[in-house]
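Notes follow once the structure below has been shown.
The values are calculated or read from the model by the stated rules, or taken from the named source; none is laboratory data. Small disclaimer: the values here were computed from a predicted structure and weren't measured. Ligands, DNA and RNA are stripped out before the accessible areas are found, and what is left, the full protein with its side chains, is counted by its heavy atoms. Shrake-Rupley method; radii C 1.70, N 1.55, O 1.52, S 1.80 Å.
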Amino acid sequence: MCVVALLLAGFFFAWAGQVWWGMGMAGKRVPQMWAMYITTFVFWIGIGHAGTLISAILYLFARAGARRSTAPPRP
C-alpha cells in the first residue's frame, strides 16, 4: 500500500509541475508544445473511430459471434 501511495504522490507531483510550469518542464517550447496534446487527442479519436468501424463491419457483413455478450444465457 505504501508503494501505491508513493506512486500516486509522484503522479500528483508530476501533474502539479506540468500545470504550474507547463510543457516547458519536459523541454517543449512554443509552438512544439501543442504537438503532444494534438497528437494524443488525434490518436485516441482514431482509436474510437476504429472500434466503431470494426463493430459496424462485423455487424453488417459477418453477424459475427465476436459481437455477442460473454455473459451466460439467462434461464
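When each of 43, 61 is tested for being open to solvent by 80 Å² or more (accessible area, probe 1.4 Å) and either in a loop (DSSP other than H, G, I, E, B) or at pLDDT below 85 (or both), the lone residue that passes is 61. Inspect all residues belonging to segment 25-44 and state whether any of them is on the phi > 0 side of the Ramachandran plot and over 18 Å from the mean Cα position of the chain (by Cα). Checking segment 25-44: at least one residue is on the phi > 0 side of the Ramachandran plot and over 18 Å from the mean Cα position of the chain (by Cα).
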